[in-house]
Amino acid sequence: MPKFRASTLTNVWYLARKEHSEHDQSFGSREGLEDETGIDHHRLAAIEAGTQNPTPEEARLISLACEREDLQYYYCSECCPLGRNLPKITEESAECLAIQVAISCGKLVSEREMLLNIMADGFVDDTEETAFRKIADDMHELIGRFKNMEIQVERFRSEHGKKRHC
């Protein structure tokens, strides 16, 4: 049995391949993923060990091959220098996320009037900056929560077929 680094055993790219190997035995080895994606198995080993990040195209290919669209978001929010400020994916239940989205929407409804007043003159002056930042932060929070919910729905669909409920 091959020995793995501890970092490999917890690596999201390794775990995605291993998870997919339950449905497709050829993914039990990096060579199987290499056949599917065209990414050299030595390169895959470095990605799975965490010593190298995949390129955007490699992340897309692995994501598609392993039927894990959430890996594309993971790449953007964790590996890409431009996207590291994206909201992080959480492993909360769909019900919990739905409640959080509803709460965030409620905040924005109450802040709508304030935003209209701030933007009425077409710019944000110094006295409005703090309130504007708070509204922007609340919007980013809502976007992050909704994205988490969207990813969970996609993951559920990939695991349970293309059903319309989760």
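Where a number appears in this text, it was derived from the coordinates with a stated rule and is not lab data. None of these values were measured; they are calculated from a predicted model. We place every Cβ from the backbone using ideal geometry, glycine too, and count neighbours over all the protein chains shown.
Tell me whether the range 6-79 comes out rounded, prolate or oblate; compute the Cα gyration tensor, take square roots of the eigenvalues as a ≥ b ≥ c, and use a/c under 1.5 as the rounded threshold.
Because its axes are fairly even, with a/c under 1.5, the range 6-79 counts as rounded.
Report the extension gain between F132 and E154 in nm, rounded to one decimal, defined as 0.36 nm multiplied by the number of residues separating them, less their alpha carbon distance.
Taking 0.36 nm per residue and subtracting the Cα distance, the gain is 4.6 nm.
Of the peptides 30-37, 50-57, how do they stack up when ordered by the mean number of other Cβ atoms within 10 Å, highest first?
Highest to lowest by the protection proxy: 30-37, 50-57.
Hey, what did the chain get for relative contact order, percent, Cα under 8 Å, at least 6 apart?
Worked out over the chain, it gives 18 percent.
Number of Lys-Lys pairs in the chain under 26 Å by Cα, sequence gap 8 or more or different chains?
15
Could you tell me how far the Cα centroid of the range 140-160 sits from the Cα centroid of the range 100-129, in Å?
Value for the Cα centre distance between the two parts: 25 Å.
How high is the relative contact order of the range 94-160, given as a whole-number percent (alpha carbon pairs under 8 Å, six or more residues apart)? Kindly include the intermediate steps, with their values, before the conclusion.
Details: 27 pairs, mean separation 34.7, N = 67.
Relative contact order comes out at 52 percent.
Per residue of the chain, what 222 nm ellipticity follows from adding -39500 (n - 2.57) for every DSSP H run with n ≥ 4, rounded to the nearest 500?
Working: 8 runs with 104 residues, N = 166.
When only DSSP H runs of four or more count, the value is -20000 deg cm²/dmol.
May I ask you to compute the full-extension gain from T10 to E34, defined as 0.36 nm times their residue separation minus their alpha-carbon distance, rounded to one decimal in nm?
Here the segment from T10 to E34 would lengthen by 6.6 nm.
Taking volume of the Cα convex hull per residue in Å³ as the quantity of interest, determine which of (i) 119; (ii) 153; (iii) 185 was computed from the displayed structure.
Working out volume of the Cα convex hull per residue in Å³ from the coordinates points to (ii).
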